[in-house]
1. For Gly128, indicate whether it is in a loop (DSSP other than H, G, I, E, B) and either β-branched (Val, Ile, Thr) or at pLDDT 80 or above (or both).
2. Check Phe109 against each of (1) surrounded by 14 or more Cβ atoms within 10 Å (Cβ to Cβ); (2) at pLDDT 85 or above; (3) aromatic (Phe, Trp, Tyr) and name the one condition it does not meet.
3. Out of the stretch 52-77, which residues are in a loop (DSSP other than H, G, I, E, B), hydrophobic (A, V, I, L, M, F, W, C) and over 20 Å from Ala114 (Cβ atoms)?
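The values are calculated or read from the model by the stated rules, or taken from the named source; none is laboratory data. Computed from a prediction, not measured in an experiment: that's the story for all the values here. Cβ coordinates were reconstructed from backbone atoms using ideal geometry, including for glycine residues, and neighbour counts include every protein chain displayed.
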Amino acid sequence: MAGEADAADVRTVLAAVSEGAAVLPVMHQQSEHDGADHRYFAWNQDTFRHLPTLAVPYAHAFVPTIFGAKGKQPLTVLPPKSDIAVPEGNLFSISLLDRPEEIRAVSGFAPYLAVCQALCDRQGFGTGGPAPQPKSCAEIAAADG
């Protein structure tokens, strides 16, 4: 089944994630002219946005969009990361990391983006060049052997 293969690819990639790391879930924003791959949609919602949350059980990592809403979910995001967690957040395009003005515009409901953008700047990413081309989990897993 395709969904099981996608989850297996994500688990392979997560094997390289350090325990306690923070994982920024992003997506590649498709062109408005590209057709949707309906394998990744159910009830008009993208289902792949849930795959990054596998980093919590498999890598014991922080994912800011993990479903941890108080009273609704069995998970709780602890301080200090609870200040930037968005329990019912969605994915943004990776290209947003190179657009500080847009990050400021969404920081009220996605505070983790500003934190991540600042970290990228300190590491030398986001220097005004084009956003890196995204790779699928399958491509990353295949490159790792």
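1. Working: in a loop (DSSP other than H, G, I, E, B): yes; either β-branched (Val, Ile, Thr) or at pLDDT 80 or above (or both): no.
No, not satisfied.
2. Every listed condition holds for Phe109 apart from (1).
3. Here is the first cut: in the stretch 52-77, the ones in a loop (DSSP other than H, G, I, E, B) are 60-61, 63-77.
Keeping just the survivors that are hydrophobic (A, V, I, L, M, F, W, C) gives 61, 63, 66-67, 69, 75, 77.
Phe67, Ala69, Leu75 - these are the residues of the stretch 52-77 that are in a loop (DSSP other than H, G, I, E, B), hydrophobic (A, V, I, L, M, F, W, C) and over 20 Å from Ala114 (Cβ atoms).
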